[in-house]
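Peer 1: This is the structure, below, for whatever I ask next.
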Amino acid sequence: MNTREFVNKYNEIIKLITTANKITVLTGAGVSTESGLPDFRSKDGFWTKNKPIQFQDYLGNEEQQRLSWSRNIELHKILKKIRPNIGHSFVEKIVNLNNKENFLITQNIDGLHQRSGVPEDKIIEIHGNATEARCLNCGEKANILDFHAAIKTNNPLPKCSNCDGIVKVATISFGQPMNENDMLQASNISSQCDLMIVMGSSLSVMPAGQIPNLAIKSGAKLVILNREETIYDAMANIVINDELKIICGELIKLI
């Protein structure tokens, strides 16, 4: 693709953004990897080097619970070092456009979108958030640092202060049911938007991979910005396959 073709595509995307009334942005790991956060599912990612902890094993085994919390401590060390990048800034600009009913659906669990300035009530984290902790019984929030301290000092793990239930990092583990409310909200928003922008997602992981189809079926335009091709490229109105820092670096100048 030559320079003129790129410029034309950038201008077309901006036109779609400025004329849309309801925009839904869907982001995946490709947004966060450019901040220096490793992709969990890539061939050299976290899950190739660490055996996933199944949800049922977590429920019935304190050793697995302690391993999960130890891994969360290591993740927090990384999150303290990294910052939102130009991709996060581009998403923040879209979501916060005046007089727009725009929302963000993200597969990412790192909280970088919130740190970039996207309002909490505009974000649906379908895989949860690794910077929070919740009781698996009553849903009460817990102080994640209390669990980090218990691991570091080799003390018993705290229980939920509300119901004495088991507390877990507020992410969706392998074998754990998706949050029904989050998925329903994501489905509704995707079905009601008139423009969906997919960024940094292969769209190969379900159920996120089904979300663009909801927008297409409702007549929405689809824009895909991703380093590699996706299964939805042929159905999209505009596709740009390149590094997000390059794509968003150009688009953010125009929005």
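Peer 1: What is the Cα centroid distance between region 1-35 and region 123-180, reported in whole angstrom?
Peer 2: Each part reduced to its Cα centre gives a spacing of 35 Å.
Peer 1: Right, another one. Pop out the ³J(HN,Hα) list for region 174-187 in order, Karplus 6.51 cos²θ - 1.76 cosθ + 1.60 with θ = phi - 60°, rounded to Hz; leave Gly and Pro as x.
Peer 2: Each residue's phi maps through the Karplus curve to give 4, x, 8, x, 5, 6, 4, 5, 5, 5, 5, 5, 4, 5 Hz.
Peer 1: For region 74-170, what value does the Rg/Rh ratio take when both radii are computed over Cα atoms and Rh is the Kirkwood radius, given to two decimals?
Peer 2: 1.06
Peer 1: Find how much the distance from Gln56 to Ser204 grows on full extension, using 0.36 nm per residue of separation minus their present alpha carbon separation; answer in nm with one decimal. Don't jump to the answer; show the numbers that get you there.
Peer 2: On the way: separation 148, 0.36 × 148 = 53.28 nm, distance 2.46 nm.
Contour length minus the Cα-Cα distance gives 50.8 nm.
Peer 1: Where is the GNM fluctuation largest for the chain (alpha-carbon springs, 10 angstrom cutoff): Ile166, Ile23, Ile123?
Peer 2: Result for the chain, Cα springs under 10 Å: Ile166 fluctuates most.
Peer 1: What number, in percent, do you get for the relative contact order of the chain if the mean sequence gap of Cα pairs under 8 Å and at least 6 apart is divided by its residue count?
Peer 2: 24 percent
Peer 1: In this model, which of Lys100/Lys245; Lys81/Lys152; Lys80/Lys221; Lys100/Lys141; Lys77/Lys221 are farther than 29 Å apart at the alpha-carbon?
Peer 2: Correct reply: Lys80/Lys221; Lys100/Lys141; Lys77/Lys221.
Peer 1: Compute the length gained on full extension between Gln192 and Asn154: take 0.36 nm times their separation in residues and subtract their Cα-Cα distance, giving the result in nm to one decimal.
Peer 2: Result: 8.8 nm gained on full extension.
Peer 1: I would also like to ask the following. In nm, to one decimal, how far is the modelled label at Ile78 from the one at Ile166, with both set 7 Å along Cα→Cβ?
Peer 2: Computed distance between label sites Ile78 and Ile166 equals 2.5 nm.
Peer 1: Report P(r) for region 144-255: all Cα-Cα distances, bin width 10 Å, range 0 to the bin holding the largest distance, values in whole percent.
Peer 2: Result, from short to long distances: 12, 30, 24, 18, 15, 2 percent.
Peer 1: Take the alpha-carbon centre of region 203-248, take the same for region 69-97, and report the distance between them in whole Å.
Peer 2: Distance between centres, Cα-based: 21 Å.
Peer 1: List the residues, sorted by chain then number, that are 5 or more residues from Val198 or on another chain and whose placed amide H is less than 5 Å from its amide H.
Peer 2: Amide H to amide H, under 5 Å and 5 or more residues apart or across chains, Val198 pairs with Leu26, Val223, Ile224, Leu225.
Peer 1: Got a sec? Charge dipole of region 1-156, +1 on Cβ for Lys and Arg, -1 for Asp and Glu; which of Asn154, Cys138, Asn72 is way out at the positive end?
Peer 2: Result: Asn72.
Peer 1: How large is the charge dipole for the chain, taken about the Cα centre, if only the Cβ atoms of Lys, Arg (+1) and Asp, Glu (-1) carry charge, to the nearest 20 debye? Write out the running numbers ahead of the final one.
Peer 2: Numbers: 28 positive and 28 negative charges, 91 e Å.
Roughly 440 debye for the chain.
Peer 1: What number do you get for region 168-222 when its Cα radius of gyration is normalised by 2.2 N^0.38 Å, N = residues?
Peer 2: Working it through for region 168-222, the quotient is 1.23.
Peer 1: Kindly provide the Kirkwood hydrodynamic radius of the chain in Å, to one decimal, from all pairs of distinct alpha carbon atoms.
Peer 2: About 19.2 Å, per the Kirkwood formula over Cα pairs.
Peer 1: Based on the Cβ-Cβ distance of Gln176 and Cys138, what FRET efficiency does E = 1/(1 + (r/R0)^6) give at R0 = 25 Å, to the nearest 0.05?
Peer 2: According to the calculation, E is roughly 0.95.
Peer 1: When the Karplus curve 6.51 cos²θ - 1.76 cosθ + 1.60 is applied with θ = phi - 60°, which whole-Hz ³J(HN,Hα) does each residue of region 201-206 get, with x for Gly and Pro?
Peer 2: For region 201-206, the Karplus curve yields 10, 6, 6, 9, 9, 8 Hz.
Peer 1: For region 140-146, what does the Karplus curve 6.51 cos²θ - 1.76 cosθ + 1.60, with θ = phi - 60°, yield as ³J(HN,Hα) per residue in whole Hz, taken in order and with x for Gly and Pro?
Peer 2: 5, 6, 10, 7, 4, 5, 5
Values in this text are rule-based calculations from the coordinates and carry no lab data. All values derive from a computational prediction rather than experimental measurement. No Cβ is skipped: glycine too gets one built from the backbone with ideal geometry, and neighbour counts run over all protein chains shown.
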